[in-house]
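The values are calculated or read from the model by the stated rules, or taken from the named source; none is laboratory data. All values derive from a computational prediction rather than experimental measurement. Every residue, glycine as well, gets a Cβ built from its backbone with ideal geometry; the counts of neighbours run over all protein chains shown. To get the accessible areas, we keep the full protein, side chains included, count just its heavy atoms, and leave off ligands, DNA and RNA. Shrake-Rupley method; radii C 1.70, N 1.55, O 1.52, S 1.80 Å.
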2 protein chains.
Amino acid sequence: MPTAPTRVPQQERSRATQARLLEATVDCLVEHGWSGTTTTVVAARAGVSRGAQLHHYPTKAALVTAAVAHLAERRAMELRTEADALPAGPRRLDRVVDLLAAAFTGPLFVAALELWVAARTDAELRDALVPLEATVGREMHRLTVELLGVDESRPGVREAVQATLDLLRGLGVANLLNDDSTRRTALLHTWKRQLATLLTPAADTDARGPH
Amino acid sequence: MPTAPTRVPQQERSRATQARLLEATVDCLVEHGWSGTTTTVVAARAGVSRGAQLHHYPTKAALVTAAVAHLAERRAMELRTEADALPAGPRRLDRVVDLLAAAFTGPLFVAALELWVAARTDAELRDALVPLEATVGREMHRLTVELLGVDESRPGVREAVQATLDLLRGLGVANLLNDDSTRRTALLHTWKRQLATLLTPAADTDARGPH
(Lines give C-alpha, C1' and ligand atoms only; values in the text may rest on other atoms or scores of the structure.)
Protein backbone atom coordinates (compact mmCIF):
# COMPACT_ATOMS: atom_id res chain seq x y z
CA MET A 1 0.00 0.00 0.00
CA PRO A 2 2.32 2.72 -1.23
CA THR A 3 -0.20 5.58 -0.92
CA ALA A 4 -0.63 5.48 2.86
CA PRO A 5 2.76 6.94 3.80
CA THR A 6 2.32 9.93 1.46
CA ARG A 7 -1.32 10.66 2.34
CA VAL A 8 -0.53 11.54 5.93
CA PRO A 9 2.25 14.00 5.06
CA GLN A 10 -0.10 15.55 2.47
CA GLN A 11 -2.72 16.16 5.17
CA GLU A 12 -0.05 17.54 7.44
CA ARG A 13 1.19 19.84 4.70
CA SER A 14 -2.38 21.05 4.13
CA ARG A 15 -2.82 21.76 7.81
CA ALA A 16 0.50 23.57 7.96
CA THR A 17 -0.43 25.65 4.90
CA GLN A 18 -3.79 26.50 6.44
CA ALA A 19 -2.20 27.48 9.74
CA ARG A 20 0.33 29.74 7.96
CA LEU A 21 -2.47 31.42 5.99
CA LEU A 22 -4.60 31.95 9.10
CA GLU A 23 -1.75 33.39 11.19
CA ALA A 24 -0.75 35.66 8.29
CA THR A 25 -4.36 36.84 8.01
CA VAL A 26 -4.53 37.88 11.65
CA ASP A 27 -1.12 39.57 11.41
CA CYS A 28 -2.36 41.46 8.34
CA LEU A 29 -5.58 42.55 10.04
CA VAL A 30 -3.62 43.82 13.03
CA GLU A 31 -1.05 45.64 10.89
CA HIS A 32 -3.12 46.95 7.99
CA GLY A 33 -6.76 46.72 9.10
CA TRP A 34 -9.65 45.22 7.14
CA SER A 35 -9.24 47.28 3.97
CA GLY A 36 -5.48 46.64 3.84
CA THR A 37 -5.95 42.89 4.25
CA THR A 38 -6.16 41.52 0.73
CA THR A 39 -5.92 37.82 -0.12
CA THR A 40 -2.87 38.63 -2.25
CA VAL A 41 -1.05 40.28 0.65
CA VAL A 42 -1.92 37.38 2.96
CA ALA A 43 -0.70 34.72 0.49
CA ALA A 44 2.58 36.55 0.02
CA ARG A 45 3.03 37.00 3.76
CA ALA A 46 2.30 33.30 4.40
CA GLY A 47 4.61 32.20 1.56
CA VAL A 48 1.72 30.26 0.01
CA SER A 49 0.80 30.23 -3.69
CA ARG A 50 -2.42 31.94 -4.77
CA GLY A 51 -3.63 28.58 -6.08
CA ALA A 52 -3.11 26.84 -2.74
CA GLN A 53 -4.75 29.75 -0.91
CA LEU A 54 -7.84 29.72 -3.14
CA HIS A 55 -8.03 25.92 -2.73
CA HIS A 56 -8.24 26.25 1.06
CA TYR A 57 -10.13 29.57 1.34
CA PRO A 58 -11.94 30.61 -1.84
CA THR A 59 -13.01 34.07 -0.58
CA LYS A 60 -11.67 36.79 1.68
CA ALA A 61 -14.69 36.30 3.98
CA ALA A 62 -13.92 32.57 4.29
CA LEU A 63 -10.26 33.30 5.00
CA VAL A 64 -10.76 35.96 7.67
CA THR A 65 -13.53 34.13 9.55
CA ALA A 66 -11.47 30.91 9.55
CA ALA A 67 -8.53 32.96 10.83
CA VAL A 68 -10.47 34.41 13.74
CA ALA A 69 -12.00 31.00 14.60
CA HIS A 70 -8.55 29.36 14.52
CA LEU A 71 -6.92 32.05 16.62
CA ALA A 72 -9.79 32.14 19.11
CA GLU A 73 -9.33 28.39 19.65
CA ARG A 74 -5.58 28.77 20.02
CA ARG A 75 -5.99 31.69 22.40
CA ALA A 76 -8.50 29.71 24.50
CA MET A 77 -5.98 26.86 24.78
CA GLU A 78 -3.26 29.31 25.80
CA LEU A 79 -5.55 30.89 28.40
CA ARG A 80 -6.32 27.43 29.85
CA THR A 81 -2.60 26.62 30.02
CA GLU A 82 -1.80 29.95 31.66
CA ALA A 83 -4.69 29.54 34.10
CA ASP A 84 -3.55 26.00 34.99
CA ALA A 85 -0.34 27.53 36.28
CA LEU A 86 -2.20 29.91 38.59
CA PRO A 87 -2.45 29.21 42.30
CA ALA A 88 -5.84 28.47 43.84
CA GLY A 89 -7.16 30.81 46.52
CA PRO A 90 -8.37 34.40 46.63
CA ARG A 91 -5.60 35.76 44.37
CA ARG A 92 -6.71 33.46 41.54
CA LEU A 93 -9.65 35.66 40.54
CA ASP A 94 -7.35 38.69 40.19
CA ARG A 95 -4.94 36.80 37.97
CA VAL A 96 -7.73 35.36 35.80
CA VAL A 97 -9.10 38.87 35.22
CA ASP A 98 -5.58 40.00 34.29
CA LEU A 99 -5.25 37.14 31.77
CA LEU A 100 -8.62 38.02 30.24
CA ALA A 101 -7.76 41.73 30.12
CA ALA A 102 -4.56 40.85 28.26
CA ALA A 103 -6.62 38.85 25.76
CA PHE A 104 -9.03 41.78 25.23
CA THR A 105 -6.17 44.17 24.52
CA GLY A 106 -4.14 41.74 22.42
CA PRO A 107 -3.83 41.19 18.66
CA LEU A 108 -6.69 38.69 18.39
CA PHE A 109 -9.16 41.19 19.86
CA VAL A 110 -7.92 43.87 17.48
CA ALA A 111 -8.25 41.51 14.49
CA ALA A 112 -11.74 40.44 15.56
CA LEU A 113 -12.83 44.06 16.05
CA GLU A 114 -11.64 44.89 12.52
CA LEU A 115 -13.94 42.12 11.26
CA TRP A 116 -16.95 43.06 13.43
CA VAL A 117 -16.80 46.67 12.27
CA ALA A 118 -16.25 45.75 8.61
CA ALA A 119 -19.07 43.18 8.75
CA ARG A 120 -21.52 45.86 9.76
CA THR A 121 -21.45 47.22 6.19
CA ASP A 122 -20.37 44.07 4.27
CA ALA A 123 -23.18 41.56 3.84
CA GLU A 124 -20.97 38.62 2.78
CA LEU A 125 -18.64 39.03 5.74
CA ARG A 126 -21.57 39.56 8.06
CA ASP A 127 -23.22 36.28 7.01
CA ALA A 128 -19.97 34.43 7.63
CA LEU A 129 -19.20 36.17 10.90
CA VAL A 130 -22.50 36.25 12.81
CA PRO A 131 -22.63 32.49 13.58
CA LEU A 132 -18.93 32.52 14.49
CA GLU A 133 -19.35 35.54 16.77
CA ALA A 134 -22.11 33.70 18.68
CA THR A 135 -19.93 30.59 19.09
CA VAL A 136 -16.84 32.51 20.14
CA GLY A 137 -18.92 34.56 22.59
CA ARG A 138 -20.38 31.44 24.20
CA GLU A 139 -16.95 29.76 24.37
CA MET A 140 -15.42 32.84 25.96
CA HIS A 141 -18.16 32.87 28.57
CA ARG A 142 -17.73 29.14 29.29
CA LEU A 143 -13.96 29.52 29.49
CA THR A 144 -14.27 32.44 31.93
CA VAL A 145 -16.59 30.44 34.19
CA GLU A 146 -14.11 27.54 34.06
CA LEU A 147 -11.04 29.70 34.75
CA LEU A 148 -12.77 31.43 37.66
CA GLY A 149 -13.91 28.06 38.97
CA VAL A 150 -17.40 29.36 39.75
CA ASP A 151 -20.80 27.69 39.73
CA GLU A 152 -23.01 29.34 37.15
CA SER A 153 -26.19 27.85 38.57
CA ARG A 154 -25.85 30.20 41.56
CA PRO A 155 -27.89 33.42 41.23
CA GLY A 156 -25.92 36.38 39.93
CA VAL A 157 -22.88 34.43 38.75
CA ARG A 158 -23.88 34.35 35.09
CA GLU A 159 -24.61 38.09 35.08
CA ALA A 160 -21.33 38.88 36.86
CA VAL A 161 -19.34 36.89 34.29
CA GLN A 162 -21.18 38.57 31.43
CA ALA A 163 -20.63 42.03 32.87
CA THR A 164 -16.92 41.25 33.27
CA LEU A 165 -16.60 40.26 29.61
CA ASP A 166 -18.59 43.28 28.41
CA LEU A 167 -16.48 45.56 30.58
CA LEU A 168 -13.29 44.00 29.20
CA ARG A 169 -14.58 44.46 25.65
CA GLY A 170 -15.18 48.14 26.41
CA LEU A 171 -11.68 48.44 27.87
CA GLY A 172 -10.29 46.74 24.77
CA VAL A 173 -11.86 49.43 22.57
CA ALA A 174 -10.61 52.19 24.90
CA ASN A 175 -7.09 50.83 24.35
CA LEU A 176 -7.23 50.94 20.53
CA LEU A 177 -5.55 54.31 19.93
CA ASN A 178 -3.79 54.86 23.25
CA ASP A 179 -2.06 52.84 25.89
CA ASP A 180 -4.88 52.88 28.43
CA SER A 181 -3.15 50.45 30.80
CA THR A 182 -2.79 52.77 33.81
CA ARG A 183 -6.48 53.65 33.89
CA ARG A 184 -7.43 50.03 33.09
CA THR A 185 -5.31 48.61 35.92
CA ALA A 186 -6.89 50.96 38.46
CA LEU A 187 -10.39 50.28 37.20
CA LEU A 188 -9.88 46.51 37.21
CA HIS A 189 -8.44 46.68 40.71
CA THR A 190 -11.83 47.97 41.89
CA TRP A 191 -13.74 45.60 39.59
CA LYS A 192 -11.93 42.53 40.97
CA ARG A 193 -13.13 43.32 44.48
CA GLN A 194 -16.69 43.82 43.26
CA LEU A 195 -16.52 40.61 41.25
CA ALA A 196 -15.20 38.68 44.24
CA THR A 197 -18.24 39.85 46.23
CA LEU A 198 -20.63 38.97 43.41
CA LEU A 199 -19.12 35.50 42.95
CA THR A 200 -18.76 34.59 46.61
CA PRO A 201 -21.63 32.50 47.99
CA ALA A 202 -23.81 34.56 50.32
CA ALA A 203 -22.89 32.43 53.36
CA ASP A 204 -19.22 33.36 52.97
CA THR A 205 -20.11 37.00 52.45
CA ASP A 206 -22.15 37.06 55.63
CA ALA A 207 -19.29 35.49 57.56
CA ARG A 208 -17.10 38.41 56.42
CA GLY A 209 -19.65 41.09 57.22
CA PRO A 210 -22.03 43.03 54.97
CA HIS A 211 -19.23 44.37 52.70
CA MET B 1 -22.50 100.36 6.11
CA PRO B 2 -24.00 98.13 3.44
CA THR B 3 -21.89 95.04 4.25
CA ALA B 4 -23.23 94.40 7.75
CA PRO B 5 -26.65 92.99 6.75
CA THR B 6 -25.07 90.53 4.29
CA ARG B 7 -22.21 89.42 6.52
CA VAL B 8 -24.48 87.78 9.09
CA PRO B 9 -26.49 85.76 6.58
CA GLN B 10 -23.17 84.66 5.01
CA GLN B 11 -21.98 83.36 8.39
CA GLU B 12 -25.32 81.66 8.91
CA ARG B 13 -25.11 80.07 5.48
CA SER B 14 -21.60 78.83 6.29
CA ARG B 15 -22.76 77.32 9.56
CA ALA B 16 -25.72 75.67 7.84
CA THR B 17 -23.44 74.27 5.12
CA GLN B 18 -21.05 72.95 7.75
CA ALA B 19 -23.87 71.35 9.72
CA ARG B 20 -25.24 69.66 6.58
CA LEU B 21 -21.78 68.31 5.72
CA LEU B 22 -21.21 67.00 9.24
CA GLU B 23 -24.60 65.31 9.50
CA ALA B 24 -24.13 63.75 6.06
CA THR B 25 -20.70 62.49 7.14
CA VAL B 26 -22.08 60.67 10.17
CA ASP B 27 -24.95 59.24 8.08
CA CYS B 28 -22.40 58.01 5.54
CA LEU B 29 -20.18 56.43 8.22
CA VAL B 30 -23.19 54.62 9.68
CA GLU B 31 -24.47 53.46 6.31
CA HIS B 32 -21.26 52.70 4.39
CA GLY B 33 -18.50 52.48 7.00
CA TRP B 34 -15.13 54.24 6.89
CA SER B 35 -13.98 52.96 3.49
CA GLY B 36 -17.35 53.77 1.87
CA THR B 37 -17.28 57.32 3.24
CA THR B 38 -15.62 59.44 0.57
CA THR B 39 -15.65 63.22 0.52
CA THR B 40 -17.43 63.06 -2.87
CA VAL B 41 -20.25 60.90 -1.49
CA VAL B 42 -20.62 63.18 1.53
CA ALA B 43 -20.76 66.37 -0.58
CA ALA B 44 -23.42 64.83 -2.82
CA ARG B 45 -25.44 63.63 0.16
CA ALA B 46 -25.25 67.06 1.82
CA GLY B 47 -26.14 68.86 -1.43
CA VAL B 48 -22.97 70.94 -1.09
CA SER B 49 -20.53 71.73 -3.90
CA ARG B 50 -17.09 70.15 -3.81
CA GLY B 51 -15.60 73.64 -3.70
CA ALA B 52 -17.61 74.63 -0.64
CA GLN B 53 -16.79 71.34 1.03
CA LEU B 54 -13.06 71.71 0.45
CA HIS B 55 -13.27 75.29 1.71
CA HIS B 56 -14.72 74.14 5.04
CA TYR B 57 -12.97 70.76 5.40
CA PRO B 58 -9.91 70.35 3.19
CA THR B 59 -9.31 66.65 4.02
CA LYS B 60 -11.35 63.56 4.83
CA ALA B 61 -9.69 63.40 8.25
CA ALA B 62 -10.69 67.01 8.98
CA LEU B 63 -14.26 66.31 7.84
CA VAL B 64 -14.82 63.12 9.83
CA THR B 65 -13.27 64.35 13.06
CA ALA B 66 -15.29 67.60 12.86
CA ALA B 67 -18.38 65.46 12.25
CA VAL B 68 -17.83 63.33 15.33
CA ALA B 69 -17.03 66.38 17.48
CA HIS B 70 -20.15 68.20 16.25
CA LEU B 71 -22.41 65.19 16.78
CA ALA B 72 -20.92 64.42 20.19
CA GLU B 73 -21.74 67.99 21.28
CA ARG B 74 -25.25 67.75 19.88
CA ARG B 75 -25.79 64.34 21.51
CA ALA B 76 -24.56 65.70 24.86
CA MET B 77 -27.06 68.55 24.60
CA GLU B 78 -29.86 66.09 23.77
CA LEU B 79 -28.86 63.88 26.72
CA ARG B 80 -28.99 66.91 29.04
CA THR B 81 -32.44 67.85 27.73
CA GLU B 82 -33.73 64.28 28.09
CA ALA B 83 -32.23 64.01 31.57
CA ASP B 84 -33.80 67.33 32.62
CA ALA B 85 -37.18 65.72 31.99
CA LEU B 86 -36.40 62.79 34.32
CA PRO B 87 -37.86 62.67 37.80
CA ALA B 88 -35.54 62.87 40.79
CA GLY B 89 -35.43 59.96 43.21
CA PRO B 90 -34.22 56.37 43.08
CA ARG B 91 -35.61 55.64 39.58
CA ARG B 92 -33.52 58.45 38.10
CA LEU B 93 -30.33 56.38 38.04
CA ASP B 94 -32.10 53.62 36.08
CA ARG B 95 -33.36 56.07 33.49
CA VAL B 96 -29.98 57.79 33.15
CA VAL B 97 -28.31 54.42 32.50
CA ASP B 98 -30.99 53.70 29.88
CA LEU B 99 -30.32 57.05 28.17
CA LEU B 100 -26.59 56.34 28.12
CA ALA B 101 -27.12 52.80 26.84
CA ALA B 102 -29.21 54.22 24.00
CA ALA B 103 -26.35 56.60 23.15
CA PHE B 104 -23.82 53.75 23.13
CA THR B 105 -25.96 51.70 20.73
CA GLY B 106 -26.97 54.63 18.52
CA PRO B 107 -25.61 56.00 15.24
CA LEU B 108 -23.06 58.33 16.80
CA PHE B 109 -21.36 55.46 18.63
CA VAL B 110 -21.28 53.42 15.44
CA ALA B 111 -19.79 56.35 13.48
CA ALA B 112 -17.18 56.99 16.18
CA LEU B 113 -16.24 53.30 16.30
CA GLU B 114 -15.72 53.31 12.53
CA LEU B 115 -13.25 56.17 13.04
CA TRP B 116 -11.45 54.63 16.04
CA VAL B 117 -10.90 51.36 14.19
CA ALA B 118 -9.84 53.08 10.96
CA ALA B 119 -7.49 55.42 12.88
CA ARG B 120 -5.61 52.45 14.27
CA THR B 121 -4.03 51.91 10.83
CA ASP B 122 -4.32 55.44 9.36
CA ALA B 123 -1.73 57.84 10.75
CA GLU B 124 -3.39 61.06 9.47
CA LEU B 125 -6.77 60.14 10.95
CA ARG B 126 -5.14 58.99 14.16
CA ASP B 127 -3.36 62.32 14.66
CA ALA B 128 -6.65 64.15 14.16
CA LEU B 129 -8.69 61.78 16.31
CA VAL B 130 -6.57 61.14 19.41
CA PRO B 131 -6.98 64.63 20.94
CA LEU B 132 -10.70 64.59 20.09
CA GLU B 133 -11.17 61.15 21.63
CA ALA B 134 -9.63 62.37 24.89
CA THR B 135 -11.91 65.43 24.96
CA VAL B 136 -15.05 63.48 24.11
CA GLY B 137 -14.16 60.85 26.72
CA ARG B 138 -13.71 63.49 29.45
CA GLU B 139 -16.94 65.25 28.43
CA MET B 140 -18.87 61.97 28.49
CA HIS B 141 -17.53 61.24 31.97
CA ARG B 142 -18.43 64.75 33.21
CA LEU B 143 -21.89 64.54 31.65
CA THR B 144 -22.54 61.15 33.28
CA VAL B 145 -21.54 62.51 36.70
CA GLU B 146 -23.85 65.48 36.12
CA LEU B 147 -26.82 63.39 34.91
CA LEU B 148 -26.46 60.98 37.83
CA GLY B 149 -26.18 63.93 40.20
CA VAL B 150 -23.35 62.31 42.14
CA ASP B 151 -20.40 63.77 43.98
CA GLU B 152 -17.18 62.61 42.35
CA SER B 153 -15.07 63.57 45.33
CA ARG B 154 -16.57 60.65 47.28
CA PRO B 155 -14.43 57.49 47.20
CA GLY B 156 -15.45 54.98 44.57
CA VAL B 157 -17.75 57.30 42.60
CA ARG B 158 -15.23 58.11 39.88
CA GLU B 159 -14.41 54.42 39.37
CA ALA B 160 -18.09 53.44 39.31
CA VAL B 161 -18.84 56.04 36.62
CA GLN B 162 -15.80 54.91 34.59
CA ALA B 163 -16.79 51.25 34.85
CA THR B 164 -20.33 52.12 33.72
CA LEU B 165 -19.05 53.90 30.62
CA ASP B 166 -16.57 51.10 29.80
CA LEU B 167 -19.32 48.52 30.27
CA LEU B 168 -21.65 50.51 28.00
CA ARG B 169 -18.89 50.75 25.37
CA GLY B 170 -18.50 46.97 25.49
CA LEU B 171 -22.26 46.54 25.18
CA GLY B 172 -22.25 48.92 22.22
CA VAL B 173 -19.72 46.71 20.41
CA ALA B 174 -21.73 43.57 21.30
CA ASN B 175 -24.71 45.20 19.56
CA LEU B 176 -22.90 45.92 16.28
CA LEU B 177 -23.98 42.85 14.29
CA ASN B 178 -26.99 41.68 16.28
CA ASP B 179 -29.80 43.18 18.26
CA ASP B 180 -28.38 42.44 21.72
CA SER B 181 -31.10 44.39 23.54
CA THR B 182 -32.63 41.49 25.50
CA ARG B 183 -29.31 40.45 27.00
CA ARG B 184 -28.29 44.09 27.50
CA THR B 185 -31.51 44.98 29.33
CA ALA B 186 -31.11 42.04 31.73
CA LEU B 187 -27.44 42.82 32.33
CA LEU B 188 -28.10 46.52 32.92
CA HIS B 189 -30.93 45.67 35.30
CA THR B 190 -28.33 43.99 37.54
CA TRP B 191 -25.74 46.70 36.90
CA LYS B 192 -28.14 49.48 37.94
CA ARG B 193 -28.57 47.89 41.36
CA GLN B 194 -24.81 47.50 41.76
CA LEU B 195 -24.25 51.06 40.64
CA ALA B 196 -26.86 52.37 43.08
CA THR B 197 -24.97 50.65 45.90
CA LEU B 198 -21.62 52.00 44.68
CA LEU B 199 -22.93 55.55 44.35
CA THR B 200 -24.98 55.71 47.53
CA PRO B 201 -23.18 57.28 50.48
CA ALA B 202 -22.40 54.62 53.10
CA ALA B 203 -24.75 56.20 55.70
CA ASP B 204 -27.76 55.84 53.36
CA THR B 205 -26.76 52.29 52.49
CA ASP B 206 -26.62 51.34 56.14
CA ALA B 207 -30.03 52.91 56.72
CA ARG B 208 -31.47 50.60 54.05
CA GLY B 209 -29.70 47.48 55.32
CA PRO B 210 -26.54 45.76 54.14
CA HIS B 211 -27.81 45.23 50.57
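Distance from the Cα centre of segment A:138-195 to that of segment B:16-58, in angstrom? After rounding, the separation between the Cα centres reads 38 Å. Name the shape class, rounded, prolate or oblate, that the alpha-carbon gyration tensor gives for segment A:4-208, where a ≥ b ≥ c are the square roots of its eigenvalues, rounded holds for a/c under 1.5, and otherwise prolate holds if a/b is larger than b/c and oblate otherwise. Verdict is prolate for segment A:4-208. Helix A:157-174 axis versus longest C-alpha principal axis of chain A: approximately 60°, rounded to the nearest ten. Heavy-atom accessible area, probed at 1.4 angstrom with all protein chains present, ranks B:Asp122, B:Asp179 as B:Asp179, B:Asp122, highest first. Just B:His189, B:His141, B:His55 to compare: in a GNM of chain B, with alpha carbon springs under 10 Å, which one fluctuates most? Sorting by GNM fluctuation, first place goes to B:His55.
Anisotropy class assigned to segment A:51-146 is prolate, per the alpha carbon gyration tensor with a/c at or over the 1.5 cut-off and a/b larger than b/c.
Look at the dipole of segment B:1-147 built from charges on Cβ: of B:Pro131, B:Ala52, B:Leu108, the Cα furthest out on the positive end belongs to B:Ala52. Between A and B, roughly 3400 Å² of accessible area is buried in total, ligands, DNA and RNA not counted and the probe set to 1.4 Å. In this Cβ point-charge picture (+1 for Lys and Arg, -1 for Asp and Glu), the protein assembly as shown has a dipole of about 320 debye about its Cα centre. First check a/c for the protein assembly as shown, with a ≥ b ≥ c the square roots of the eigenvalues of its C-alpha gyration tensor; if it is under 1.5, answer rounded, and if not, answer prolate when a/b is larger than b/c or oblate otherwise. Cα axes put the protein assembly as shown in the oblate bin. Dipole size of chain B about its Cα centre, with +1 on Lys/Arg Cβ and -1 on Asp/Glu Cβ: approximately 280 debye, rounded to the nearest 20. Remark: mean inter-chain Cβ contacts per residue of B:156-166 equal 5, using a 10 Å Cβ-Cβ cutoff to other protein chain atoms.
Residues in segment B:68-77 carry Karplus couplings, in order, of 5, 4, 4, 5, 5, 4, 5, 5, 5, 4 Hz; the curve used is 6.51 cos²θ - 1.76 cosθ + 1.60 with θ = phi - 60°, and Gly or Pro positions show x.
For chain A, the solvent-accessible area with a 1.4 angstrom probe is 50 square angstrom per residue.
Over segment A:4-208, Cα pairs under 8 Å with separation of 6+ residues give a relative contact order of 20 percent. In chain B, the calculated helix contribution to ellipticity at 222 nm averages -27000 deg cm²/dmol per residue, counting -39,500 (n - 2.57) for every DSSP H run with n ≥ 4. Could you look at the protein assembly as shown and say what percent of its accessible area is carbon and sulfur, using a 1.4 Å probe and all protein chains? Solvent-exposed carbon and sulfur of the protein assembly as shown make up 56 percent of the total.
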